[in-house]
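K.L.:
Quick one: this structure, given as structure tokens, is what I'll be asking you about.
The values are calculated or read from the model by the stated rules, or taken from the named source; none is laboratory data. None of the values given here were measured: they were computed from a predicted structure. Reconstructed Cβ throughout: ideal geometry from the backbone, glycine too, with neighbour counts over all protein chains shown. We work out accessible area using only protein heavy atoms, side chains counted, and drop any ligands, DNA or RNA first. Shrake-Rupley method; radii C 1.70, N 1.55, O 1.52, S 1.80 Å.
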Amino acid sequence: MLFFGWVGFWFTYQAFGAGRVSRFAFDLPEAPLFWWAEMSGPGFFLTMSPIVLSALAYWLLPRTDWSARVGGVLVGAGALLFMCGVVWDSGSGVALYPDRVVTRASGFGQKFESDRFATVWRVEAACHSGRRGRADPSYVLWFVDGRPIDIMADSAMFPSRARMMRLLDAVLVANAAVDGIGVPRAPQRNRDGRTLGSAQCVDDVANALNVPRDKVQPLFIVHQAQLRPDEYVVVPSE
């Protein structure tokens with residue numbers, strides 16, 4: 001029961017709690033259009049540790065004379081490591097403004113980094129449809145310093161339709177900004193070079209948010225110059 005309790009608690013924390021305990025939004029100099037908390041690799045393993053240690057404690061119960069004591073130590077260590085993971089990631093996040101993206105990495109003493117949309121040199125967008133019609137959109141901004149930021153990477157973690165609408169509106173602002181400076185728009189690709197995404201995914205996003213398809217479609221438009229000749233069809237004008 002303890003193992004499954006931690007599993008349920010972990011998913012609940014990721015869906016509803018991470019943003020509530022984050023310092024990121026409180027430290028921002030001004031209110032953004034949208035923001036979300038980020039999870040690092042160390043933070044993930046630290047917050048997952050109670051699940052692993054509770055499973056180990058359950059396995060040890062019938063195998064050692066000190067089972068109760070050992071199990072208690074493991075469960076306590078897992079709870080402590082979980083809190084360490086929460087604190088480690090509490091200052092990290094991504095914030096979208098009308099003219100820039102502001103980020104801060106996990107850890108202690110990290111500073112805000114600001115990347116303006118005017119310094120984007122490439123956009124890579126794709127929309128994937130998973131099981132049961134669950135959409136997984138991605139919109140990657142490549143900045144001139146070589147850093148990519150996917151401003152829709154964690155959209156699947158937002159359970160609220162209202163929150164997803166706020167994200168969509170913020171991404172549309174970013175999309176208009178990069179379109180205004182003529183940034184090349186390319187598809188995302190698999191390792192074998194095939195393009196990712198499907199038209200059905202765009203419909204899934206529009207249906208999930210109850211908005212017209214035309215509101216979502218502009219995010220996933222790509223330029224013909226970024227496609228291979230076998231990836232598009234030229235329709236002759238009449």
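K.L.:
List, in order, the whole-Hz ³J(HN,Hα) value for each residue of the range 85-101 obtained from phi through the Karplus relation with A = 6.51, B = -1.76, C = 1.60 and θ = phi - 60°; use x for Gly and Pro.
P.N.:
So the J values, rounded to whole Hz, are x, 4, 5, 4, 9, 5, x, 9, x, 10, 10, 9, 10, x, 10, 6, 10.
K.L.:
Starting from the Cα of D192, step 7 Å along the direction of its Cβ; do the same at R100; then give the gap between the two resulting points in nm.
P.N.:
Taking the two extended label points, one gets 4.3 nm.
K.L.:
Further question on the same structure: For Y97, which sequence-distant residues (separation of 5 or more, or a different chain) have an amide H within less than 5 Å of its own amide H, given hydrogens modelled in the peptide plane?
P.N.:
Here the answer is L33, V102, since their amide H atoms fall under 5 Å of that of Y97.
K.L.:
Be a star and scan the range 95-131 for residues whose amide nitrogen sits under 18 Å from the point 7 Å along the Cα-to-Cβ vector of I181.
P.N.:
In the range 95-131, the label zone of I181 (backbone N under 18 Å from the point 7 Å along Cα→Cβ) covers 95-103, 113-125.
K.L.:
Now for a separate question. Give the calculated FRET efficiency between Q110 and E30 to the nearest 0.05, with a Förster radius of 22 Å applied to their Cβ-Cβ distance.
P.N.:
Numbers: r = 19 Å, r/R0 = 0.85.
Once the sixth-power term is evaluated, E becomes 0.70.
K.L.:
Another question about this same structure. If you roll a 1.4 Å probe over the range 175-226 with all protein chains in place, what percent of the accessible area is carbon or sulfur? Intermediate results must be reported in sequence, preceding the final value.
P.N.:
On the way: 1390 of 2910 Å².
The computed percentage sits at 48.
K.L.:
Taking amide H positions as placed in the peptide plane 1.01 Å from N, state which residues far from E38 in sequence (5 or more) or on other chains have amide H under 5 Å from it.
P.N.:
So E38 has HN proximity to S92, G93, V94.
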